[in-house]
Each structure stands twice: as structure tokens, then as C-alpha cells.
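Q: Let me give you the structure first, and then I'll get to my questions.
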Amino acid sequence: MGFENVLATLWTSKAPLDDKALAHRHTKVVATVGPSCRDPEKLRSLIKAGVNVFRLNFSHGSHEEHLANLNNIRTVSAEMGAWVAILQDLSGPKIRISNVEGDFCPITDGQPIELRCANGSLSNAACIYVETVNPITTLKPGHPVLLADGLLELCAEEVHADRVLCRVVKGGRIRSRVGIAFPDSDVNLPATTKKDLVDLDWGIKHGVDFVAISFVRSAEDVLKLRAIINDKGSAAAIISKIERRAALENIEEIVEASDGLMVARGDLGLEVPLEQLPMLQRRLIEEANFRGIPVIVATQMMHSMITAVRPTRAEVSDIAAAVMSGADAVMLSDETAIGEHPTECVRYISRIAVAAEQTFAFEEYKLRLRNSDSYTVPDAIAYAACAAAIKTSARALIACTETGTSARLVAKYRPQQPLYGVSGKESTLRKMALYWGVHPIAIESTSAHSEIDTALKAVQGREDLPNGTRAVVTGGRPTRTPGSTSVLEVREMNFK
């Protein structure tokens with residue numbers, strides 16, 4: 001698209017302000033639940049504003065609080081007729097400080113401060129208690145110490161038998177249980193802790209749709225978690241959070257073992273030079289795109305809106321860049337969990353995504369897939385469905401699916417037509433809420449003979465399409481193994 005055409009599209013298009021365009025947004029929105037948005041009416045407003053997936057952050061809160069949030073989400077989404085997924089984010093071995101006296105305390109540039117091993121005491125402006133690792137055996141004089149994703153910085157000056165004396169390089173406000181990092185120290189921790197296993201049992205019991213595993217280092221970390229999930233009879237999908245340098249060295253194997261990726265830029269930005277982060281984000285998106293698994297870009301997408309009423313220009317550009325790079329979803333963390341304007345954050349990020357999608361480079365995107373349509377037979381069918389939709393001027397792509405695989409594979413090729421994932425399984429419908437461009441539609445379970453007609457009728461009714469509207473339908477035969485896409489038909493809708 002020439003620059004003049006891009007300008008014409010941007011200046012004449014009403015898509016970012018049009019309700020229909022917002023409803024057909026391709027990029028999904030993940031929002032973290034917290035004190036600012038956990039009551040039913042707030043959740044209702046977030047879903048209406050465009051949330052597709054709610055994240056339960058198990059680094060904070062009790063099981064009772066998470067259960068109340070989960071029940072509220074399920075109740076409200078059912079009342080609204082919206083298919084919304086729940087992502088359980090396991091805390092992993094992230095190094096955190098203890099609770100802080102009064103929950104918050106300020107530290108100032110140049111002041112001395114101690115680091116000690118956690119012993120049940122509350123942290124304060126004079127002493128920070130570190131959980132998970134011992135700062136005395138981890139730090140050396142001159143080593144930097146970063147808190148709150150690098151917003152606060154200390155420097156270790158003296159290491160004693162019972163404490164590390166530090167100097168505040170960049171001060172600010174310390175919050176209870178905030179993350180703390182030692183970028184120049186070699187900290188080797190497992191991806192899944194005992195606490196994570198207890199939390200995972202809770203998640204499986206209550207039917208979460210996705211489980212995010214933190215601080216992945218290798219495919220083995222993912223496979224261990226998958227074995228536990230499978231042994232307990234759960235179908236929860238695994239999202240691997242990429243936030244360690246070791247994960248980058250093993251990324252192809254991790255992608256192959258995972259059901260999705262999260263580019264966790266907060267901790268990743270403490271492990272690698274900041275100037276490398278944009279290139280790494282793009283590479284991770286491309287790896288997930290090639291494999292056809294969803295990729296979420298996370299951390300500080302709209303950080304200023306924790307207090308501000310609108311995002312900065314840099315944040316708008318950051319979100320748009322993630323969308324145009326091929327991300328399946330963008331995620332809000334503190335912005336919705338503890339921020340002052342959670343609903344406004346979702347409205348803004350939804351509008352920014354829709355505007356960015358107007359100039360999404362479909363042809364450039366196809367080049368990066370590098371013959372991935374020959375990866376498997378289902379891949380070939382999904383690619384052919386997208387091509388057939390263009391050649392036949394179809395107005396809809398429909399994936400009839402039991403597991404969500406058919407819809408996910410079609411989404412992999414970023415079709416320009418609206419894509420509908422049709423299923424009779426609630427867990428599948430919720431899971432498809434994360435997939436790029438997929439609109440989940442529920443149907444009653446039917447025979448193989450009538451499934452396609454039922455799907456066509458459901459889509460025609462939802463979108464109020466006229467008789468004669470052409471659609472491309474794909475999916476798997478019910479007699480085959482679930483997840484094996486093998487059907488491709490071009491049909492007309494005539495059910496009015």
C-alpha cells in the first residue's frame with residue numbers, strides 16, 4: 001500500500017470510532033483482575049469495552065479472592081452472552097520482597113538501605129526483606145538491584161554476614177511484594193514452585209482455560225507442567241512466559257512445546273539490554289506466528305493510565321507496533337488491576353488496535369510464514385480455506401471445531417474475512433476468545449451431516465447476512481481424532 005493510500009485510509013476511515021469495527025476487532029485484549037475491577041459491574045463494563053480474556057495473577061491474592069473473581073467473571077459473561085476466557089498466571093519463582101509496612105513506602109535517591117533474607121518481617125524504607133533467594137550469597141559490591149520492573153534501582157556497596165548495604169540510585173515508592181531482580185547475578189531457579197503446584201490444582205479444579213507458566217528456561221519446564229495437567233484430566237492450554245535469557249536460547253523448542261507465548265517485557269527487560277527488547281519482541285511474535293499459536297504482548301502497554309485519563313503517544317505507538325507485528329493479543333496488568341481508569345484503558349487499547357489493523361501488512365505477514373502451510377495437513381487445509389475465501393469473494397470463514405484447533409490454524413494465516421469459530425463445547429468457545437480474529441459462536445451438538453448447516457445458520461443469524469451470502473467452511477470430521485482439520489467447503493447461506 002503506497003503512502004498516499006495509507007493516508008487516505010487513515011483520514012477517511014471511521015473504523016476506530018465505528019461500533020461494528022470495534023466488535024470485529026481481530027487483536028484480543030487480556031485484562032488483569034484486581035481491586036480496581038473485580039466487582040460485577042466493573043467486570044461487565046470491561047467486557048462491554050472489549051476484554052476477551054481475564055488474567056488472574058497468582059502472585060497476589062488468596063484462593064478465596066480468586067474464586068470470587070472467577071465466579072463473578074463466569075456469571076457476568078454468561079449474562080452478557082459473551083465468551084470470555086480465564087488465564088491463570090502462576091507466580092513462579094519470581095524474586096519478591098515481603099509485604100511493606102502500610103503497603104507502600106517511599107525511598108529517596110542517595111539514601112542507604114539494607115537487603116536481608118526474608119524472615120517474616122515487613123519491609124520498610126530502611127530495610128527490604130527478600131524472598132526466594134538470599135541476597136547475601138547472590139550479590140557482590142557494585143552489583144545493581146532493580147525493583148518494580150526496573151523503575152527503582154539500588155547498588156550493592158557492602159556484603160556482610162547478615163545483610164547487604166545498598167545505596168538508592170533511583171528512588172520512588174516501594175509496594176508490597178514487588179519484584180526484585182539481580183541482573184548481574186546468576187540466579188538459577190526452577191520454573192514451577194510448590195506454591196505453583198498448589199495453585200495449579202486450584203485452577204484445574206475450577207476449570208481455568210489457560211495456565212501461564214513463569215520464568216520458562218526450556219521445553220522441559222513446559223512438558224513437566226503439561227504432564228501434571230494431563231494427569232489431572234484437564235484441557236487447560238499452557239502459555240509460556242518468555243522473561244529469561246535462557247528461554248531465548250531455547251525458543252524454538254519452547255514454542256513447539258507450548259500452546260501460546262507471552263512476551264513478558266517487564267522481567268525480560270531486566271535480563272537483556274533494553275535496546276534489544278523491540279527486536280526480541282518482534283522475533284518472538286514471528287516464532288509464535290509460524291507455529292500458529294497465540295502470542296500475547298504484555299507489561300506497561302498503558303502504564304501511564306494507572307493514574308492518567310489517556311495514554312501517552314509513545315504507548316499508543318507501542319500498542320500499534322505490537323498489533324501490526326502480528327500479536328494475537330495485548331495485555332493490561334496494573335492498568336486494570338489497580339489503576340484508576342480500568343474501563344477507559346480497555347476502550348483506548350481496543351480503538352488503537354482497530355486503527356492499527358486498518359494498515360496491517362497482510363502480504364508482508366504471509367512472507368514470514370515460510371511455507372508453513374506444508375507443516376501439516378490441517379495447516380494446508382487452513383491455508384486453502386483462507387485462499388478460497390478470497391478467490392470466491394466469501395464474506396465469512398467458518399471453522400467448525402471440537403477443540404478449537406481448526407479456528408486457531410485458520411487464524412494463523414490472518415484471513416481478511418470475518419472468522420467464526422463454531423462449537424458445541426463451552427471450554428472450546430472460551431479458549432477461542434484468545435485467538436486472533438476468531439468470534440466464538442455456540443451451537444448445539446449435531447450429527448456430522450447437519451453440523452455445517454447448523455454453523456451456517458448460526459453465523460447468518462448473528463450477523464444478519466442476506467440469503468445467498470457465500471462462506472468458506474472448514475473443520476474436522478467428527479469420526480476422526482479431535483483437532484484433525486480435514487474439511488473444506490464453499491457454501492451459501494439460505495436460512496432466512
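Q: Testing Val30 on (1) assigned to a helix (DSSP H, G or I); (2) under 29 Å from Glu463 (Cβ atoms), one condition comes back false. Which one is that?
A: (1)
Q: Yes or no: the range 90-107 includes at least one residue that is at pLDDT 95 or above and under 25 Å from the mean Cα position of the chain (by Cα).
A: Scanning the range 90-107, I find at least one residue that is at pLDDT 95 or above and under 25 Å from the mean Cα position of the chain (by Cα), so the answer is yes.
Q: Look through the range 387-410, keep the residues that are open to solvent by 20 Å² or more (accessible area, probe 1.4 Å) and of a type in the set (Ser, Thr, Tyr), and return whichever of them is nearest to Asp318 (Cα to Cα).
A: Residue satisfying both the conditions and the ranking: Thr405.
Q: Applying the selection to the range 123-148, what residues are part of a loop (DSSP other than H, G, I, E, B) and surrounded by fewer than 21 Cβ atoms within 10 Å (Cβ to Cβ)? First the steps, then the outcome.
A: Taking the range 123-148 and keeping what is part of a loop (DSSP other than H, G, I, E, B), we get 124-126, 131-134, 139-143, 148.
Listed by number, the residues that qualify are Asn124, Ala125, Ala126, Glu131, Thr132, Val133, Asn134, Lys140, Pro141, Gly142, His143, Ala148.
Q: Residues in the range 215-267 that are closer than 21 Å to Asp199 by Cβ and part of a loop (DSSP other than H, G, I, E, B): how many?
A: 12
Q: Hey, any hits in the range 268-285 for a residue that's at pLDDT below 95, open to solvent by less than 20 Å² (accessible area, probe 1.4 Å) and either under 19 Å from Gly92 (Cα atoms) or among the hydroxyl-bearing types (Ser, Thr, Tyr) (or both)?
A: yes
Q: Report whether or not Pro440 is at pLDDT 95 or above and of a type outside the set (S, T, N, Q). Spell out the reasoning first.
A: On the way: at pLDDT 95 or above: yes; of a type outside the set (S, T, N, Q): yes.
So Pro440 passes the test.
Q: Pick from the range 357-386 the residues that are touching a residue at least 40 places away in the same chain (Cβ under 8 Å), of a type in the set (A, V, I, L, M) and in a helix (DSSP H, G or I): which of them is most open to solvent (accessible area, probe 1.4 Å)?
A: Among those that are touching a residue at least 40 places away in the same chain (Cβ under 8 Å), of a type in the set (A, V, I, L, M) and in a helix (DSSP H, G or I), it is Val377.
Q: Can you run down the residue pairs with Cβ atoms below 7 Å, 6 or more apart or on separate chains, where the first is in the range 64-83 and under 15 Å from Ser427 (Cα atoms) and the partner is at pLDDT 95 or above and not in a helix (DSSP H, G or I)?
A: Leu70/Leu56; Leu70/Ile86; Leu70/His206; Ile73/Phe54; Ile73/Val84; Ile73/Ile86; Ser77/Val84; Trp83/Pro440
Q: Sticking with this one: When both residues are 6+ apart or on different chains and their Cβ atoms are under 7 Å apart, which pairs have a first residue that lies in the range 300-328 and is closer than 22 Å to Ser36 by Cβ and in contact (Cβ under 8 Å) with a residue 12 or more places away in the chain, and a second that is among the aromatic types (Phe, Trp, Tyr) and buried (at least 18 other Cβ atoms within 10 Å of the Cβ)?
A: From the range 300-328, the pairs are Met302/Tyr348; Arg310/Tyr348; Pro311/Tyr348.
Q: Name every residue in the range 251-265 that is open to solvent by 10 Å² or more (accessible area, probe 1.4 Å) and either within 16 Å of the chain's Cα centre (by Cα) or aromatic (Phe, Trp, Tyr) (or both), in order of residue number. First the steps, then the outcome.
A: The first filter runs over the range 251-265 and keeps only residues open to solvent by 10 Å² or more (accessible area, probe 1.4 Å), leaving 252-253, 256-257, 259, 265.
Passing the criteria: Asp259, Arg265.
Q: Now for a separate question. Might you check whether a residue that is among the aromatic types (Phe, Trp, Tyr), open to solvent by 70 Å² or more (accessible area, probe 1.4 Å) and either at pLDDT 95 or above or outside any loop (DSSP other than H, G, I, E, B) (or both) occurs anywhere in the range 48-62?
A: Restricting attention to the range 48-62, the residues satisfying the condition of being among the aromatic types (Phe, Trp, Tyr) are 54, 58.
If we keep only those that are open to solvent by 70 Å² or more (accessible area, probe 1.4 Å) too, we end up with none.
The answer is no, given that none of the residues of the range 48-62 is among the aromatic types (Phe, Trp, Tyr), open to solvent by 70 Å² or more (accessible area, probe 1.4 Å) and either at pLDDT 95 or above or outside any loop (DSSP other than H, G, I, E, B) (or both).
Q: Among the residues of the range 63-91, which ones are open to solvent by less than 10 Å² (accessible area, probe 1.4 Å) and of a type in the set (D, E, K, R)?
A: Asp89
Q: Here's a follow-up. Restricting to the range 268-300, name every residue that is touching a helix residue (DSSP H, G or I) at 6+ places or on another chain (Cβ under 6 Å), under 15 Å from Met331 (Cβ atoms) and not in a helix (DSSP H, G or I).
A: Correct list: Pro294, Val295, Val297, Thr299.
Q: Among the residues of the range 271-292, which ones are in contact with a Leu (Cβ under 7 Å, 6 or more places away or on another chain) and under 18 Å from Ile213 (Cα atoms)?
A: Leu284, Ala288
Q: For the range 371-392: of the residues being within 26 Å of the chain's Cα centre (by Cα) and small (Gly, Ala, Ser), which is modelled with the lowest pLDDT?
A: Ser372
Q: Go through Lys94, Lys42 for me and flag whichever is open to solvent by 20 Å² or more (accessible area, probe 1.4 Å) and assigned to a loop (DSSP other than H, G, I, E, B).
A: Numbers: Lys42 fails: assigned to a loop (DSSP other than H, G, I, E, B).
Unique residue meeting the criteria: Lys94.
Q: Are any residues in the range 177-214 under 26 Å from Ser123 (Cβ atoms), among the β-branched types (Val, Ile, Thr), open to solvent by less than 20 Å² (accessible area, probe 1.4 Å) and not in a loop (DSSP other than H, G, I, E, B), and if so, which ones?
A: Scanning the range 177-214 gives a single hit, Ile180.
Q: Would you check if there is a residue in the range 26-36 being touching a residue at least 24 places away in the same chain (Cβ under 8 Å), more than 15 Å from Val354 (Cα to Cα) and basic (Lys, Arg)?
A: No - not one qualifying residue is present in the range 26-36.
Q: Looking at the range 446-460 only, could you name the residues that are open to solvent by 10 Å² or more (accessible area, probe 1.4 Å) and touching a strand residue (DSSP E or B) at 6+ places or on another chain (Cβ under 9 Å)?
A: Keep residues of the range 446-460 that are open to solvent by 10 Å² or more (accessible area, probe 1.4 Å), which gives 446-454, 457-458.
Across the range 446-460, the qualifying residues are Glu451, Ile452, Asp453, Thr454, Lys457, Ala458.
The values are calculated or read from the model by the stated rules, or taken from the named source; none is laboratory data. For clarity, every value in this text was computed on a predicted model and none was experimentally measured. So basically every Cβ, Gly included, is an ideal-geometry build from the backbone, and we count neighbours across all protein chains shown. Ligands, DNA and RNA are stripped out before the accessible areas are found, and what is left, the full protein with its side chains, is counted by its heavy atoms. Shrake-Rupley method; radii C 1.70, N 1.55, O 1.52, S 1.80 Å.
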